[in-house]
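One structure is given below, encoded as structure tokens.
The values are calculated or read from the model by the stated rules, or taken from the named source; none is laboratory data. The structure displayed is predicted, hence computed values, not measured ones. FYI the Cβ positions are ideal-geometry reconstructions off the backbone, even for glycines, and counts take in every protein chain you see.
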Amino acid sequence: MAEFTNMPPRIQKTVRAQIGEDEGVCLCILGRSDLLRPDFVFITTRRVLVLDERYIGSLGVSYANIRCNLLFTEIRDVKLVRQFKHRLLSQARLEISVLRNVHWLDNINFRSARCAYIYITDQIAK
């Protein structure tokens, strides 16, 4: 698992802007959606927040993109999926189901994915 203080400054700033003052970051996880462009997954006391960095055209300017911002009250189900490629690389995929949509957080380290799965299911059960 990663630490919040080691995340890029732009990502930290965006996370602080999205969460409330009474929320705290409980877990920080890195997933890989594209080669060398990680997904930054933050699990707070109230939500799951997934960010990535995007680049504007051929310019060297990047910005933080919010892929999903899900409150625990919106989440219907969470699955921890390990296909053959995940087993070879000690990775997993989290599938977070909300009304009419499923969000995939793919290629996460298996230990981190298992911790996130346990934390999210505990929060949903409350």
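Quick check on the stretch 30-50. Is at least one of its residues more than 21 Å from residue 108 (Cβ to Cβ) and of a type in the set (Asp, Glu)? Within the stretch 30-50, not a single residue is more than 21 Å from residue 108 (Cβ to Cβ) and of a type in the set (Asp, Glu).
State all residues of the stretch 8-27 that are surrounded by 20 or more Cβ atoms within 10 Å (Cβ to Cβ) and closer than 18 Å to residue 112 by Cβ; if no residue qualifies, say none.
15
Screening residue 32 on (1) exposed (fewer than 12 other Cβ atoms within 10 Å of the Cβ); (2) modelled with pLDDT under 90 shows it passes everything except condition (1). Annotation note: of 108, 11, 66, 19, the sole residue that is within 24 Å of residue 125 (Cβ to Cβ) and in contact (Cβ under 8 Å) with a residue 40 or more places away in the chain is 108.
Looking only at the stretch 19-33, residues that are farther than 13 Å from residue 43 by Cβ and either more than 13 Å from the chain's Cα centre (by Cα) or among the hydroxyl-bearing types (Ser, Thr, Tyr) (or both) come to 4 in all. Out of the residues in the stretch 112-126 that are of a type in the set (D, E, K, R) and exposed (fewer than 12 other Cβ atoms within 10 Å of the Cβ), which is modelled with the lowest pLDDT? Out of the qualifying residues, it is 126. Being of a type outside the set (D, E, K, R), part of a strand (DSSP E or B) and at negative phi is a property that residue 49 has. For the stretch 80-102, filtered to residues that are assigned to a loop (DSSP other than H, G, I, E, B) and touching a residue at least 12 places away in the same chain (Cβ under 8 Å), the residue that is surrounded by the most Cβ atoms within 10 Å (Cβ to Cβ) is 82. Over 21 Å from residue 27 (Cα atoms) and touching a Phe, Trp or Tyr at 6+ places or on another chain (Cβ under 8 Å): is that true of residue 54 in this structure? Here the answer is yes, as residue 54 does meet what is asked.
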